[in-house]
1. Restricting attention to region 178-210, and to residues there that are among the basic types (Lys, Arg) and assigned to a helix (DSSP H, G or I), which single residue is nearest to the chain's Cα centre (by Cα)?
2. Determine which member of the set Ala194, Ala128 is surrounded by 14 or more Cβ atoms within 10 Å (Cβ to Cβ), out of contact with any Leu (no Cβ under 7 Å at 6 or more places or on another chain) and modelled with pLDDT of 85 or more.
3. Give region 166-181 a look and list any residue that's crowded, with 17+ Cβ neighbours inside 10 Å and either in contact with a His (Cβ under 6 Å, 6 or more places away or on another chain) or not small (Gly, Ala, Ser) (or both), or say none.
4. For His214, work out the one condition from (1) closer than 23 Å to Thr368 by Cα; (2) surrounded by fewer than 23 Cβ atoms within 10 Å (Cβ to Cβ); (3) at pLDDT 85 or above it doesn't fulfil.
5. Does Ser309 fit the bill of being in the same structural domain as Gly343 (by TED's automatic domain parsing), touching a Leu at 6+ places or on another chain (Cβ under 9 Å) and under 29 Å from Arg188 (Cα atoms)?
6. Count, please, the residues in region 149-180 that happen to be at pLDDT below 85 and either assigned by TED's automatic domain parsing to the domain that holds Val395 or more than 27 Å from Asp110 (Cβ to Cβ) (or both).
7. Say whether the condition of being more than 26 Å from Gly124 (Cβ to Cβ), out of contact with any helix residue (DSSP H, G or I) (no Cβ under 9 Å at 6 or more places or on another chain) and modelled with pLDDT under 95 is met by at least one residue in region 26-41.
Amino acid sequence: MAEHPAYPVGLRLTGRRVVVLGGGQVAQRRLPALIAAGADIFLVSPSATPSVEAMADAGEITWQRRRYEEGDLENAWYALIATGDTEANTRASAEAERRRVWCVRSDDADEATAWTPATGHSEGVTVAVLTTDAKGRDPRHTAAVRDAVVEGLRDGTLVAPHHRTRTPGVALVGGGPGDPDLITVRGRRLLAEADVVIADRLGPRDLLAELPPHVEVIDAAKIPYGRFMAQEAINSALIEHAKQGKSVVRLKGGDPYVFGRGMEELQALAEVGIPCTVVPGISSSISVPSAAGIPVTHRGVAHEFTVVSGHVAPDDERSLVDWPSLARLTGTLVILMGVDKIGKIAETLVAHGKPADTPVALVQEGTTAAQRRVDATLATVAERVRAEDVKPPAVIVIGEVVKVGPTA
């Protein structure tokens, strides 16, 4: 038997009895997939890891706190044998053979009737890799092949076109703070499948160079009709291309719903019946301070953080921000789009009780090769911005966390 390769097959285990012997690390790794498959899982083990115990407490598995006994595999469709007792494993695999139950053994693959492949998932596809040479099994190589295939499918470097008709529509994709490696896996895959990409100035621009030549890239910053009509024009462009049956990605910086006007775009699409997928992104409000060595929360320093738009000054009648209340908070204040208004913001915070010596950090072009950090206080920040010529995009962090750093 060992001279022949294993026959690959997918087991449909929903509602079917699966017996797992042993509650250690092997079971901890394998149980989530069995739970996701809908199996009726019966665990036999005198002890279990905390994670396995939590699965039992949650009702995801049935746990018998004892050692294996003859008959435990009755009515099972599949068995995973992973105890630390070789003799018990041998008896259990012998029972599996008698009962014609496919059986995996963690301690002796040669005595098993089934092997667990290295598996991964990408958008409805399960990749399962088995070594074809029974005598030369190399689990690390198998896992490496699995990882390469899954990663390629996820980031679009391994192209596997859909042969069924795709449903046209729009994806609002959060591109993250700027570093192209910080876009989500799903966002990168949707980019690779797009026919049209409408990109923000603050989106991860380097990713656009990777798109195939046939993809139409539209710079949202250059859509006509002027500054105050730009959003309306962007909505129209999304609708126009989607109605042509194209797959459209609206690539935005950060997260679509954090000062990204993503809901406005979704509402416009919904009004005309165009389906829309929202892919969250890493917000610059958290990631940029982190990249500059600043935690927005820290034990004993800040128990909360507040993210505020600074695109209008505190004394502007359009402002919706309660600046006096923010001045009384003891946590971290993160301001986006506030570089040109920081002087007025600092004055307002101090006027309402925030200490003038409160630390401030400005992080320009965060997560990119051009990143730089400028430190100040509320009393000095306006002058520091002028002296250092700080330009947007920059994230402003106000609070004691600015002074928190690695200890020697």
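1. Checked region 178-210; the qualifying residue nearest to the chain's Cα centre (by Cα) is Arg186.
2. Selected residue: Ala194, the only one of Ala194, Ala128 that is surrounded by 14 or more Cβ atoms within 10 Å (Cβ to Cβ), out of contact with any Leu (no Cβ under 7 Å at 6 or more places or on another chain) and modelled with pLDDT of 85 or more.
3. Val170, Leu172, Val173, Pro177, Asp179, Pro180
4. Only one criterion in (1) closer than 23 Å to Thr368 by Cα; (2) surrounded by fewer than 23 Cβ atoms within 10 Å (Cβ to Cβ); (3) at pLDDT 85 or above is unmet by His214, namely (1).
5. yes
6. 19
7. Within region 26-41, one or more residues are more than 26 Å from Gly124 (Cβ to Cβ), out of contact with any helix residue (DSSP H, G or I) (no Cβ under 9 Å at 6 or more places or on another chain) and modelled with pLDDT under 95.
The rows are residues; the columns are (1) in contact with a helix residue (DSSP H, G or I) (Cβ under 8 Å, 6 or more places away or on another chain); (2) within 15 Å of Ala39 (Cβ to Cβ); (3) of a type outside the set (Asp, Glu).
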site: Arg65; (1), (2), (3): no, no, yes
site: Glu74; (1), (2), (3): yes, no, no
site: Ile81; (1), (2), (3): yes, no, yes
site: Trp102; (1), (2), (3): yes, yes, yes
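The values are calculated or read from the model by the stated rules, or taken from the named source; none is laboratory data. Remember, predicted model here, so these are calculated numbers, not experimental data. All Cβ positions, even for glycine, are placed from backbone atoms using ideal geometry, and neighbour counts span all protein chains on display.
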